Amino acid sequence: MKAVVMTRQGGPEVMAFVERPEPVAGPGEALVEIAAAGVNFMDTGVRRGLAWSDMPDPKVLGVEGAGRVLSVGAGVDPAWVGRRVAWVYAPGSYAERVAIPVDALVPLPDALDERTAAAVMMQGLTASHFATDFHPVQPGEVALVHAAAGGLGLLLTQIIKLRGGRVIGRVSHADKVAVALEAGADHVIVDAEGRFADEAVRLSGGEGVHVVYDGSGPRTFQASLAALRRSGTFCWYGPVLGGPGPIDVMSLPKSIKLGYAVFSDHVATRELLRSRAARLFDWIAAGALKVRIGGVHPLAEAARAHADMESRRTTGKLLLIP
């Protein structure tokens, strides 16, 4: 079986396309043939040693994908065999096949293709959690969405609009503005230096935004604070780029609410995973949520996909195809 491993911590050059032993479905697991694997910033963090450090190298990268069940292990209903499924967290997904706990699988509706499913799982579940659970966006509220032309930002923008909110998107390059507007952003700020707060306040009518979704790292933290209105909500996420450092809670301005959104809390149970995924699939089927696939690479070119993502020049979701 072919797979992509990291041989040591480092840049994309530490990734190798290699032959690995065939996985076998253990008790409670299914063996899945992968049709598409999602590329996430989390994967780049693993590669650089920010996660999975207790797992020896070489290790297979990737956590997200979609495919078809080939076989099942002990204790699993045989009816799973042949089903098309998707998953959001199964380590070792940069491969041709992977063994996954059945509780981590989501059955796909007939109308949804595997590439779209692989592209929407992690970022879609994250976006829906941000806008419906972490801060339930209300009609008329104004949200500031960082990296608005990225895979997560595009989905988050659409879900905020579905809930009746307004979106100010921030992008790093002018060539990303059209993509963010197409997703429904009401305004787009082009900024690569973290100097967006005054414009966000102006565009929100002078009071500041109701909620900021910021996964852009410490450079934008203070400006995101400044963009909020009184009693606004700051949703901080994305550990790969680092945190803002120690925070004196008594120094936080304007009675804001600050929280750190951790992915494991988005879909903490099997039931929540499947219900939230089903809602995403329903939105896609109804045409209310459009998934932008910004790049498709052969599995052997996973290192190139990582380099493209880290360049910040990509839009939408990147996929790997075994």
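Residue count for the range 221-239 satisfying the condition of being under 22 Å from the mean Cα position of the chain (by Cα), at pLDDT 95 or above and not aromatic (Phe, Trp, Tyr): 3. I'm told Arg274 meets every condition in (1) outside any helix (DSSP H, G or I); (2) surrounded by 15 or more Cβ atoms within 10 Å (Cβ to Cβ); (3) touching a strand residue (DSSP E or B) at 6+ places or on another chain (Cβ under 7 Å) except one. Can you identify the failing condition by its number? If we test Arg274 against (1) outside any helix (DSSP H, G or I); (2) surrounded by 15 or more Cβ atoms within 10 Å (Cβ to Cβ); (3) touching a strand residue (DSSP E or B) at 6+ places or on another chain (Cβ under 7 Å), just (1) comes out false. Do the conditions hold for Val4, that is, is it touching a helix residue (DSSP H, G or I) at 6+ places or on another chain (Cβ under 8 Å) and open to solvent by less than 20 Å² (accessible area, probe 1.4 Å)? Spelling it out, Val4 is indeed touching a helix residue (DSSP H, G or I) at 6+ places or on another chain (Cβ under 8 Å) and open to solvent by less than 20 Å² (accessible area, probe 1.4 Å). Check whether at least one residue in the range 105-125 is within 23 Å of Ser204 (Cβ to Cβ) and without any contact (Cβ under 8 Å) to a residue 40 or more places away in the chain, and report yes or no. For the range 105-125, residues within 23 Å of Ser204 (Cβ to Cβ) and without any contact (Cβ under 8 Å) to a residue 40 or more places away in the chain: absent. The range 1-112 holds strands (runs of 3 or more DSSP E) entirely within its bounds, and those carrying 1 or more residues that are charged (D, E, K, R), modelled with pLDDT of 95 or more and over 19 Å from the mean Cα position of the chain (by Cα) map to 2-6, 15-19, 29-39, 64-72, 84-87, 97-101.
Scoring Phe221 on the criteria (1) aromatic (Phe, Trp, Tyr); (2) outside any strand (DSSP E or B); (3) under 29 Å from Glu114 (Cβ atoms) leaves a single failure, condition (3). Considering Ser251, Ser204, the condition of being out of contact with any helix residue (DSSP H, G or I) (no Cβ under 6 Å at 6 or more places or on another chain), closer than 14 Å to Arg166 by Cα and of a type in the set (Ser, Thr, Tyr) is satisfied by Ser204 alone. For the range 166-207, the candidate set comprises residues that are in contact with a Gly (Cβ under 6 Å, 6 or more places away or on another chain) and assigned to a helix (DSSP H, G or I); within that set, the residue that is farthest from Thr220 (Cα to Cα) is Ala180.
Scanning the range 205-216 for residues that are open to solvent by 10 Å² or more (accessible area, probe 1.4 Å) and either of a type in the set (Ser, Thr, Tyr) or touching a Cys at 6+ places or on another chain (Cβ under 6 Å) (or both) turns up just one, Ser216. For the range 277-290, the set of residues classified as open to solvent by 50 Å² or more (accessible area, probe 1.4 Å) and free of Cβ contacts under 8 Å to residues at least 60 places away in the same chain consists of Asp282, Ala286, listed by residue number.
Kindly indicate whether Val212 is touching a His at 6+ places or on another chain (Cβ under 9 Å), β-branched (Val, Ile, Thr) and on the phi < 0 side of the Ramachandran plot.
In short, yes.
Residue-wise test of (1) farther than 24 Å from His129 by Cα; (2) not hydrophobic (A, V, I, L, M, F, W, C).
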position: Ala178; (1), (2): yes, no
position: Val212; (1), (2): no, no
position: Pro218; (1), (2): no, yes
position: Trp236; (1), (2): no, no
position: Asp265; (1), (2): no, yes
position: Phe281; (1), (2): no, no
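Quick one: in the range 301-315, which of the residues that are among the small types (Gly, Ala, Ser) and crowded, with 22+ Cβ neighbours inside 10 Å is nearest to Val179 (Cα to Cα)? It comes out as Ala305.
Scanning the range 183-203 for residues that are farther than 12 Å from Leu228 by Cα, within 17 Å of the chain's Cα centre (by Cα), open to solvent by less than 30 Å² (accessible area, probe 1.4 Å) and not small (Gly, Ala, Ser) turns up nothing.
Let's see how each residue does on (1) under 18 Å from Val267 (Cβ atoms); (2) open to solvent by 40 Å² or more (accessible area, probe 1.4 Å); (3) among the β-branched types (Val, Ile, Thr):
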site	(1), (2), (3)
Pro21	no, yes, no
Gly38	yes, no, no
Thr44	no, no, yes
Lys59	no, no, no
Pro78	no, yes, no
Val81	no, yes, yes
Glu96	no, yes, no
Asp103	yes, yes, no
Asp110	no, yes, no
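Pairs linking a residue in the range 246-261 that is among the β-branched types (Val, Ile, Thr) to a residue that is in a strand (DSSP E or B), with Cβ atoms under 6 Å and 6 or more positions apart or on different chains, are Ile256/Leu228; Ile256/Gly232; Ile256/Phe234.
The values are calculated or read from the model by the stated rules, or taken from the named source; none is laboratory data. Note that the structure is a prediction, hence the values are computed from the model and not measured. FYI the Cβ positions are ideal-geometry reconstructions off the backbone, even for glycines, and counts take in every protein chain you see. SASA here: full protein model, heavy atoms, side chains in, ligands and nucleic acids out. Shrake-Rupley method; radii C 1.70, N 1.55, O 1.52, S 1.80 Å.
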